[in-house]
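Presented below is the structure to which this report refers.
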Amino acid sequence: MTRSSIRCALGTGSPPMGGIMATQPNSNNLPINPNHMTNSYKLSSAYARFFGFVCCLIALTGLWSTSMFAQVGPPTVGAGISNGYSSATTTGAYTAITGGTQAYAGAAVQTDGVTLAVPIGFTFRYNTRNYTTVRISNNGFITFGANPPLANTYTALSANTNPNYDGAIAGFAVNLGAAAVGSPEVRYETVGIAPNREFVVQYQDVRASAGSAAQRMNFQIRLAETTNVVRIVYGTCASGTVALTGQVGLRGGESSDVNNRTGINWTALTAGTAATSTVTLGTTGGTTIPASGLTFTLTPGTWVSPAGTYAAIGAPTETFDALWVNQNSTQDSPGASWRTWPPRGDNAMRRSDNSVSGFTSTTGWSGIGGAQIVAAPGAGNCARFHDFEVSTGTAGVMDYFIDLSGNTGTVEVAFDMVRNQTTIAGLQVQLSTDGGVTFSNLGALITGAASWTTITRQTTATSS
């Protein structure tokens, strides 16, 4: 049986690699004033032979606290909400790596840099998506996805580049340089035996570029095969005469979705309260610096399968009026034949009547303003992409899975779309015939109109 996936891609800023993004020049890219949230993106399907659209973004956000269940957003509990990362703090042994590949050494550690995509050595699932490569910044973090961070990105969890990377893991993200002692370097290696290998990125003998001579840090970011567990492990560290703050934790494809820590006592760090929350490397040793072997372990919960239940070809219609279901977050999907990415954050799709927002909320939306009334030919609710809140260069996707193996003619995708007033955003309808591995565009980018407009796309695809 051959089956297909229909995708619509929504986003802001210039298109990312792969083209799954819409465009919205957003020159200010500043914190949003709730009184001026007029931009929003919504889609409605009052009728459709089948309707598929995508809103694109990664949802990884949240709070990080000892022994708590957490989404890659804030701690959550409840039926179906087992998609996040639980976190635990332990003390063990720091095992340095000496093999693999030396990415930066000596003076190169001092110069801002990001590697090309380097192989993990196995498939690692992070925030519901599979990756085989990462990029390594010599400023204390790694990123996922086709789009790299800037070389001078120091705040990996709160920064939004254009186009944006899919996600980040920060061991201590700050403007790092070479320590005055030891052998400064950044190295990576895949260790162990399948199916229990680990990909290790090691920051050895580093300090803040503006730090004092005595300051020193050693730490690793470790990704586990099969379990997809993330561990951040600290080695020998030393205080300097100047305190240093850095970001520690996880991030999705947008800074509204962060799972981080904050504090000055490394034995009692607490959940971050904002994407910009930091941890302090103190000046008096003891608990003001991480002890060798201190380990933060983040374990993913249970995610739904990447592919949805394939709907039969015929005349399926999606009105978005039914209560959305819990898949990888709270009410993040219209139903079993749909998958959204990311499940949480400002670029996560939600039903248009969503009233939940805030850094610690289940949606991760920064606000809910800018409502658009659904008009004929639609009625009731619609799916909404809140592009005014999303940073420039960020996208989100929503996939619809349908069985086209019995298709003998042209299948039409029809949906209604509106963009809000000043928004110059776009939507790209795409088709996958290989189970969602790759997508091709169905027609040109749709910029939409300020009033509800019916859009159609056709395909004769019969394969998956």
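The values are calculated or read from the model by the stated rules, or taken from the named source; none is laboratory data. Since this is a predicted model, take the numbers as computed values, not measurements. In this analysis, Cβ positions are derived from the backbone assuming ideal geometry, glycine residues included, and neighbour counts consider all displayed protein chains.
Tabulated data
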{"quantity": "Scan of region 381-408 for residues that are among the aliphatic types (A, V, I, L, M) and over 19 Å from TRP452 (Cβ atoms), ordered by number", "calculated": "VAL390, ALA395, VAL397, ILE402, LEU404"}
{"quantity": "Odd one out for PRO184, checked against (1) in contact with a helix residue (DSSP H, G or I) (Cβ under 7 Å, 6 or more places away or on another chain); (2) over 27 Å from GLY121 (Cα atoms)", "calculated": "(2)"}
{"quantity": "Restricting region 442-464 to residues that are closer than 18 Å to ASP399 by Cβ and not in a loop (DSSP other than H, G, I, E, B), the residue that is farthest from the chain's Cα centre (by Cα)", "calculated": "THR459"}
{"quantity": "Among (1) farther than 25 Å from GLU225 by Cβ; (2) at pLDDT below 90, the one test that PRO300 misses", "calculated": "(1)"}
{"quantity": "Flag if THR241 is farther than 22 Å from PRO343 by Cβ, modelled with pLDDT under 90, among the hydroxyl-bearing types (Ser, Thr, Tyr) and over 21 Å from the mean Cα position of the chain (by Cα)", "calculated": "no"}
{"quantity": "Which listed residue is surrounded by 24 or more Cβ atoms within 10 Å (Cβ to Cβ), assigned to a loop (DSSP other than H, G, I, E, B) and at pLDDT 90 or above, from ASP346, ASP387", "calculated": "ASP346"}
{"quantity": "Criterion violated by THR297 - all others in (1) in contact with a Pro (Cβ under 6 Å, 6 or more places away or on another chain); (2) crowded, with 17+ Cβ neighbours inside 10 Å satisfied", "calculated": "(1)"}
{"quantity": "Any chance THR340 is touching a strand residue (DSSP E or B) at 6+ places or on another chain (Cβ under 7 Å), in a strand (DSSP E or B) and surrounded by fewer than 24 Cβ atoms within 10 Å (Cβ to Cβ)", "calculated": "no"}
{"quantity": "Residue check, ILE264 within 26 Å of THR241 (Cβ to Cβ) and without any contact (Cβ under 8 Å) to a residue 40 or more places away in the chain", "calculated": "yes"}
{"quantity": "Residue in region 356-371 that is aromatic (Phe, Trp, Tyr), within 20 Å of THR319 (Cβ to Cβ) and under 17 Å from the mean Cα position of the chain (by Cα) present", "calculated": "no"}
{"quantity": "Some residue of region 246-262 being of a type in the set (Ser, Thr, Tyr) and either at pLDDT 95 or above or under 16 Å from GLY211 (Cβ atoms) (or both)", "calculated": "no"}
{"quantity": "Test for SER292: is it at pLDDT 95 or above and farther than 30 Å from GLY406 by Cα", "calculated": "yes"}
{"quantity": "Selection status of THR190, surrounded by fewer than 23 Cβ atoms within 10 Å (Cβ to Cβ), touching a Gly at 6+ places or on another chain (Cβ under 7 Å) and without any contact (Cβ under 8 Å) to a residue 24 or more places away in the chain", "calculated": "no"}
{"quantity": "Region 416-436: number of residues that are at pLDDT below 80 and not in a strand (DSSP E or B)", "calculated": "8"}
{"quantity": "Total residues in region 169-203, condition more than 19 Å from THR101 (Cβ to Cβ) and among the aromatic types (Phe, Trp, Tyr)", "calculated": "1"}
{"quantity": "Residue list for region 99-113, filter: hydroxyl-bearing (Ser, Thr, Tyr) and over 16 Å from ASN175 (Cα atoms)", "calculated": "THR101"}
{"quantity": "Residue satisfying all of: in region 391-415; part of a loop (DSSP other than H, G, I, E, B) and in contact with a strand residue (DSSP E or B) (Cβ under 7 Å, 6 or more places away or on another chain); surrounded by the most Cβ atoms within 10 Å (Cβ to Cβ) among these", "calculated": "THR394"}
{"quantity": "Breaking point among (1) modelled with pLDDT of 95 or more; (2) within 14 Å of the chain's Cα centre (by Cα); (3) in a loop (DSSP other than H, G, I, E, B); (4) not aromatic (Phe, Trp, Tyr), for ASP112", "calculated": "(2)"}
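This table checks each residue for (1) within 21 Å of ARG125 (Cβ to Cβ); (2) basic (Lys, Arg).
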| residue | (1), (2) |
| --- | --- |
| ARG351 | no, yes |
| GLY369 | no, no |
| VAL390 | no, no |
| VAL397 | yes, no |
| ASP403 | no, no |
| THR408 | no, no |
| VAL411 | no, no |
| ASP416 | no, no |
